[in-house]
Each structure stands twice: as C-alpha cells, then as structure tokens.
Amino acid sequence: MAGLAESGGSSSAFAPARLWLMLPSWVLIGFFLLLPVLMMLIYSFLTKEFRGGVIWEFSLASYDKFFFDRGLFGDEPPRIEWTYLGIFWRSAWQAGLATLLCLLVGFPTAWFIATRPARSRAIWLFLVTVPYWVNLLIRTVSMKFMIRDNGPVNEWLMALGVLDAPITMINTNFAVQLGLFYSYLPFMVLPIYAAVERYNFALSEAAADLYASRWQTLRLVVLPVVKPGIVAGSILVFVPSLGAFLAPDLLGGAKNWMIGSLIEDQFKGAAGNWPFGAAVAMVLLSIVLIVLFLYARSQNRVSG
Amino acid sequence: MKRSEIAVEIAGVDKVFGTGPGQSVALDNISFTVADNEFFTLLGPSGCGKTTLLRIMAGFESLSGGDVLLFGTRLADLPPNKRPINTVFQNYALFPHLSVAEYIGCGRRMLGQGRAESEARVAEMLRLVQLDAMAGRKPAQLSGGQQQRVALARALAPAPKVLLLDEPLSALDLKLRQQMRIELQQIQEETGITFIFVTHDQEEAVAMAVRSAVMSAGRRQQFGSAEEIYETPRNRFVADFIGETNFFEAAVVSNTGAGTRVRIAGGLEVDAAGPRPDGAKTMISIRPERFDLGVEGLPCTVDKLVYLGTDTHYHVRLSDGTPVMVRAQNHLGAAHAFAPGDSAALSVGPGAARVLAD
Ligand SMILES: Nc1ncnc2c1ncn2[C@@H]1O[C@H](COP(=O)(O)OP(=O)(O)OP(=O)(O)O)[C@@H](O)[C@H]1O
Ligand SMILES: [Mg+2]
C-alpha cells in the first residue's frame, strides 16, 4: 500500500531514457566507490608486509587482531580484544553525541531560516555555508589554536574574570566533540531546512484547532512530518562523524582516538598495517550498512 | 421554550493585511449575530473575505478592529486551542502521517478522552461520512472528496460549541453534495451545534440556511433570512449575486405614500417596492419569474429559449433593444408558448419590481 502514495509518476515509457541519464553517476560511483571498496575488502584478507603494503597471501590475521587478544606471542587462548572495540564504542558515542548536539542547535536554526520571508532565506542559508568555504583542515587547526591552554578563549575568559587559571580544553573529549559539532552542523541544518520549508503551516493550525498545545503540536504533528529531514540530517552527521579523523587527531590527541584516526594510522609510513586498516574500515562499513538497513526496514514497516 | 441565545457576535470587525502603501483591507466593519443552534451561512464571491472572517473566529488571524464574542465572552485573548470551536478547513489540512481514524480521534484525545471512548466516537463519525472502509488509510490514499469528508468528520468529532465550515462540500460531486447537505442539516439539528457555513454558491446558501450574511469585497451587504435576501435585496450586488435578475434604469413617475411608480425601457410603468429613491432616476430589479410572457403588455421579440426541465428561460428583446430574461414554469403536455423569432408581450404583476439602494 505504501507504494501507492509515494510512486510519483514512474511511467515505464521514460524508464530507458532515465537509465541513460544515470550513466555518468554510475561510472563515477563504480570507479571511485565500488572498485576501491572492493579493493579494501580484498586487502583486508591479505597478509601484512613489514614496510607497509601487502603480500598477496590469504589471511584472516587482520580480523583476528581486531576481535581477539592472543597474548604477546600469539600462543595464548583467545580472549576478546577490547582495544579496538573500545575505540569503536567511543567513536559511536562521540558521533551520537555530535549528532544530538547538531540536532539541538540545527533544528531551531533551520526552523528560523525556513520561517523567514522568502527573500531573506537565501541570505541566511548563505551565512550557514560561509564557514565551509574554508578547508576543513584549516578550520580544525584554527579551532585548536583558539582553545589551546594559552589560546584566545582561555585568555578572554580570564580577562573577563570567569576563570582564574586556564582550563585544559585541548586533547579532551570535549575538544573532539566541539570539532565534530562544528564540522558537520550544516549537514544537519540543510536537510531539516528543506523539510521545514515544505512543511504546510496549515497543519499546525489544524492541530491548534484540535486543541493541541504548542508543545503537542510540535511533538505530534511538526516532528513526524519533518522527520525525513531530521533523519537525513542525522545520518549525514552521524556517519562522517563516526569515521572522522581530523577532529580527533588534531583536537583529541592520542588518548581520544576514534575509528578514523585508527584507520588513518594504519596507512601511514612504515609502521602501518594495510590489511588491518582495511579490515577496520570493513568493520566500520558493515556497521554503517547494518544500521542503515535496519532503519530502512523499520521505515517500510511503519508506512506499509 | 428556550430563549434563543446569541452564540457568536461579530461586532464591527476590521481586518487589514500588511502596512503602509501595500496594505489591503480584507474586512471592513463586518457585523452580524448567529443564534445558538442555528445553521448560518456566510455567502460571497471568491476573495470577499469569508475565509479571513472564519480564521478570525477560530483565532488564526488577529483583529484589526472590532470584536468577536462567543456566548458573550470576548475571544480575542483566547488562543485557538482554547476556543470551543472547530473548523473544517477549505484546504482540509489532513495530517499526512496519521490514518483517517487516528486523525478523526485526534481532537478527543487532545481533550484528554480515553482511547476506548474516542474510538467509539471515531466509528460513529466514519459511518456518518461514509468512510468506514477507509479508516486505516493515509490522506495520500484518498480522493479529494474523501479527504474533504475526513476534514468534516474530524471537526465534528469533538462536538464543539460552534463549527466553522469553509466551503466543505466544494470538492464533492453533485449527488454526494446534495446528500451531504441533507446529512449536515440533520447533524446540525441532532447535535445542536451552531454551524457557520461558508460558501460562494448562492443556491447552496439559500438551500441550507435559516439565515445568511452576504458579503462582497470585505463588506457586509445584507443579513437576514434566505427569503428576505432573495425577495428584498438591498442593493444591486445582492440582487445580482443571489439568483438571476433583470436590472432596469427607471425614471420615477410618482413617489407618494403608497409606493414608488417608475417607468422603465419601452415605456412600461410598474409599482416598485423598497427604499424611496431620492432623485428622478433609480435602479430597479425584476426577477425573471415575475414576468408574464403573453399577448398583452409591452411588445417584445423572443431571441432564444432554453429548456430547463421544470421551467423554460426566454431571452427576449424589447422594441428599443433592451434584453430581458423571462422564466416561465412548464406545464404538463403544454408546448412552449413561443419560439425564437416570435413576437410576444411582457407584463409584470404587482410587487415584482424592487428599488435598489445602490
Ligand atoms: N495573509 C494574507 N495577506 C494578505 N492578504 C490576504 C491574506 N489572506 C487573505 N488576503 C486577502 O484578503 C482577501 C480575502 O481573502 P479570503 O481568503 O478571506 O477570501 P474568501 O472569501 O475566503 O475567498 P474564496 O471563496 O476564494 O476562498 C483577498 O483579497 C485576499 O487576497
Ligand atoms: Mg476562502
């Protein structure tokens, strides 16, 4: 039954023409996404070469290293290896928190922009994207500069008398969180803006007509109707946050590693371990795909 | 017998949209009262401010002037969700994520009613609007007419004191519309809810209402029973908008105590009721069915006739070229008295002509 509502005129007469239109995208995705992912998948099952690179020999060693701890010499009975699962857990937690923060700040922002007169909306949207004209690396480095122990933020807070001595912000979870939040906020604002802009405010009036308070209107009408925008924004923030490496690297230091830093490290220099890096990437990819799949299925169940 | 109480009082309501040079006056000093348990219609052409007035009553639009009273209480300070008023919105405003049954139950649930009780009410409403089979569907899976009926059911379900209906039957086909008109009147009688029914269809307004207000360009033109409005239109707009009519420039012959005698095109002299004209000239209206087409009276030629089942419309032309519309009842077995091209004569009975104020 769900199809009846959504299928917006998919007349089969035009289908072949549409497939041709897709061709450039398919070529791009094939060459630059599917092929590299396939290569990673293969690499993750190969043997490590000591100066970086791989030996073409099948091996499960990388996955074994990820999940099991067999002692220093590899001869003890396997126990669960918590190091990498711990990094995954922390990453998921950090990414989840960043998503929540982006949602809490992004939703009111998007709402504000979408309810401006049509003329000024473009200006507000432009302002949201302005920081993103600067490269992510530069933005992250400048944040590092701002929040370091004797950086401007600490100095101002002391000048204002809020602080007596500088507080440590750099190399903490807080710094990583700040970096993630700042990096991905527009990915939350833009989809929610698109959803709110299409929102029919007559529905809010209809809710008030049915005796709903403002809070009930928000909870029972507005949020369900703009939910696709919220979900899209959350995915767009959560997924890259999960794999982010600039923010944890530059702002979090060695103690606050996330998956992205772990993977990046495996491909750097002679100390790297390509098959292991590939295996970690595959585990990450699997988790993301499973989450998206479960979400899609729950959506089908709701609307079907 | 209960004294008929005033449910809604619209007292000198003004509404101005915008400010400065771009402002537009949507409502200009509108006043009328609606009695409790009344079926009231608000009639006027598109853009005359009907929806705006309903939105003010429901609380979605602020007042620029005047007052709206509900059973004697000022409504201005009450937010929309605190007003015991429900609206059938012109554009339905269904919630895309709720099924028909959930949506209809919404109002009762918001008012804190339990699930079982509200479900019984939902079932009752679904039967009323003949949508039992659609209870589980989402709005996107309904036709326009079905959506309109859902909008009606969801506004009726909480049993408000006053129900505002903004052209609630406009999307239905003729048969369903006629059926729903009767249903609505029955519902209104049974529930005793005060209905304020907005329409731009004069036939619908006349058929349904006890009393109506006719609006045009943000102004109240006339207020009264359907019969009053039809038989004694105050001005040219009302006479033209409600039913069909013929307008004539008339010269005042005498203006004595008994009434006004006027002469219209072709030299026909008639007695006209209504307000006394000030000058020597005035405008009168004569309804098509008030003319008699025969052999005695003002000579004319039949241009065209339109057979309409119960009666026939004759388009005739007076000797000076003035077109006149005449409506004659058809009688069983009798052929049309005249054919196009025939010569005939027009006469009018007493009380047929009406002087219009402006
Ligand atoms: N929000 C608004 N801002 C400015 N002008 C408005 C606004 N809403 C309505 N108007 C104007 O007020 C006038 C009355 O509009 P309204 O919607 O009340 O008409 P209506 O009688 O309901 O017409 P219809 O029969 O077409 O529904 C129109 O001229 C309209 O353009
Ligand atoms: Mg309207």
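Figures for the structure shown
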{"quantity": "Probe 1.4 Å, protein heavy atoms only - accessible area per residue of chain A in square angstrom", "calculated": "59"}
{"quantity": "Under the span-like rule (Cα at least 24 Å along the axis, Kyte-Doolittle mean at least 1.6), DSSP H helices of chain A", "calculated": "A:223-243"}
{"quantity": "Residue of B:Gly18, B:Gly105, B:Gly47 that the Gaussian network model of chain B assigns the largest fluctuation, springs spanning Cα pairs under 10 Å", "calculated": "B:Gly18"}
{"quantity": "Electrostatic dipole magnitude of the protein assembly as shown [Cβ: Lys, Arg +1; Asp, Glu -1; Cα centre; debye, to 20]", "calculated": "1300"}
{"quantity": "Accessible surface of A:Leu35 - all protein chains present, 1.4 Å probe, nearest 10 Å²", "calculated": "90"}
{"quantity": "Mean separation of Cα contacts under 8 Å (6+ apart) over length of chain B, as relative contact order %", "calculated": "15"}
{"quantity": "Farthest toward positive dipole pole in chain A [+1 Lys/Arg, -1 Asp/Glu at C-beta], among A:Ala110, A:Tyr184, A:Ser241", "calculated": "A:Ala110"}
{"quantity": "Entries in A:Lys227/B:Lys15; B:Lys138/B:Lys175; B:Lys50/B:Lys82; B:Lys281/B:Lys304 that, when Cα-Cα distance is taken, lie over 32 Å", "calculated": "A:Lys227/B:Lys15"}
{"quantity": "Cα-based equivalent ellipsoid of chain B: semi-axis lengths in Å, sorted from largest, via gyration tensor", "calculated": "45, 26, 17"}
{"quantity": "Under DSSP loop assignment and at most 16 Cβ neighbours within 10 Å, longest trypsin sites (Lys or Arg not before Pro)-free interval of chain A", "calculated": "A:71-267"}
{"quantity": "The protein assembly as shown: C-alpha gyration tensor shape, a/c 1.5 cut-off, then a/b vs b/c", "calculated": "prolate"}
{"quantity": "Cα gyration tensor category, rounded, prolate or oblate, for the range A:82-266 with a/c compared to 1.5", "calculated": "prolate"}
{"quantity": "Student exercise, the range A:183-304 dipole from Lys, Arg, Asp, Glu Cβ charges, in Debye to nearest 20", "calculated": "260"}
{"quantity": "Charge-dipole axis of the range A:47-119 as Lys and Arg at +1 and Asp and Glu at -1 on Cβ define it, positive-most pick from A:Leu101, A:Phe68, A:Ile80", "calculated": "A:Leu101"}
{"quantity": "Lys/Arg +1, Asp/Glu -1 at C-beta; the protein assembly as shown dipole; positive extreme among B:Val13, B:Ser285, A:Ser204", "calculated": "A:Ser204"}
{"quantity": "Whole-Å distance, taken between Cα centres, linking the range A:189-251 and the range B:123-167", "calculated": "29"}
{"quantity": "Cβ charges +1 (Lys, Arg) and -1 (Asp, Glu), total dipole of the range A:82-266, debye", "calculated": "400"}
{"quantity": "Structure-based [θ]222 nm, chain B - -39500 (n - 2.57) summed over DSSP H runs of at least 4, per residue, nearest 500", "calculated": "-7000 deg cm²/dmol"}
{"quantity": "Solvent-accessible area buried by pairing A with B, both sides, nearest 100 square angstrom, 1.4 angstrom probe", "calculated": "2000"}
{"quantity": "Gaussian network model of chain B, springs between alpha carbon atoms under 10 Å - residue of B:Ala265, B:Ala155, B:Ala116 with greatest fluctuation", "calculated": "B:Ala116"}
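The values are calculated or read from the model by the stated rules, or taken from the named source; none is laboratory data. Only a predicted model underlies this, so the values are computations on that prediction, with no experimental measurement involved. Don't worry about glycine lacking a Cβ; one is built from the backbone with ideal geometry, like all the others, and counts go over all protein chains shown. Ligands, DNA and RNA are stripped out before the accessible areas are found, and what is left, the full protein with its side chains, is counted by its heavy atoms. Shrake-Rupley method; radii C 1.70, N 1.55, O 1.52, S 1.80 Å.
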